[in-house]
1. Only sites in a loop by DSSP and with at most 11 other Cβ atoms within 10 Å count here; which trypsin sites (Lys or Arg not before Pro) in segment 1-67 make the cut?
2. I need the calculated FRET efficiency for the pair residue 77 and residue 10, taking r as the beta carbon distance and R₀ as 22 Å, to the nearest 0.05.
3. Against the longest alpha carbon principal axis of the chain, how many degrees, from 0 to 90 and to the nearest 10, is the axis of helix 7-30 turned?
4. Working out 0.36 nm times the residue gap between residue 54 and residue 104, then minus their Cα-Cα distance, what length gain in nm do you get to one decimal?
5. Applying 1/(1 + (r/R0)^6) with R0 = 25 Å to the Cβ-Cβ distance of residue 62 and residue 113, what FRET efficiency is obtained, to the nearest 0.05?
6. Assign one of three labels to segment 24-81, namely rounded, prolate or oblate, based on the Cα gyration tensor with a ≥ b ≥ c the square roots of its eigenvalues; rounded applies when a/c is under 1.5, prolate when it is not and a/b is larger than b/c, and oblate otherwise.
7. What ranking, highest mean first, results for peptides 94-106, 113-125 when packing means the other Cβ atoms within 10 Å averaged over each residue?
8. If each residue of separation counts as 0.36 nm, what is the full-extension length gain between residue 91 and residue 69 once their alpha-carbon separation is subtracted?
Amino acid sequence: MEQHPGLPTVNAFLNALSTVLLTAGWMSIRFKNRGRHKKFMIAAMVSSTLFLTLYVLNRILMGGFTHYQGQGIWRPVYFTILGTHTPLAMIILPFSIMALWHAFHGDFAAHVKITRWLLPVWLYVSVTGVIIYLMLYR
């Protein structure tokens, strides 16, 4: 079975959008604008959740994974990126939920404790998601 031809592009867009929203959210809190920060971070969570939902549904409905066809130096580069992207992507979900939980309950000390390392990891995963798309499909 094959995946829907446009779905990888949609997923790459959602990853890129998450990168933009996370960056805007981080900049907002740096400028002490909690209201804007909250909106951007919720939007980033929605974008990432939509990505994850579409990705998992595609794997369930279509089965299998896309195999990298590149050769030469790009092959180990691809698998190095994929090998860091995948485990880091798996840890984002529970920790982003915890970060949201703490923020919504006003426990900003716990929220910041998580997000100090979560933000760079989430940004890395969203950027490498786009890179993986480009290496597989472009």
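1. On the way: sites: 30, 32, 34, 36, 38, 39, 59; in loops: 32.
For trypsin sites (Lys or Arg not before Pro) across segment 1-67 that sit outside H, G, I, E and B with at most 11 neighbouring Cβ atoms in 10 Å, the list reads 32.
2. Working: r = 25 Å, r/R0 = 1.12.
Rounded to the nearest 0.05, the efficiency is 0.35.
3. The answer is roughly 20 degrees.
4. Details: separation 50, 0.36 × 50 = 18.00 nm, distance 2.63 nm.
Between residue 54 and residue 104, full extension yields an extra 15.4 nm.
5. Details: r = 39 Å, r/R0 = 1.56.
Approximately 0.05, to the nearest 0.05.
6. Numbers: a/c = 7.04, a/b = 1.78, b/c = 3.96.
Oblate, because a/c is 1.5 or more while a/b does not exceed b/c.
7. Values: 94-106: 14.8, 113-125: 16.8.
Order by mean packing, descending: 113-125, 94-106.
8. Values: separation 22, 0.36 × 22 = 7.92 nm, distance 2.77 nm.
Contour length minus the Cα-Cα distance gives 5.2 nm.
Since every read-out is calculated from the coordinates, none of them should be taken as a lab result. All of these numbers come straight from a predicted model, not from anything done at the bench. Neighbour counts are summed over all protein chains in view; Cβ atoms, including those assigned to glycine, are modelled from backbone coordinates with ideal geometry.
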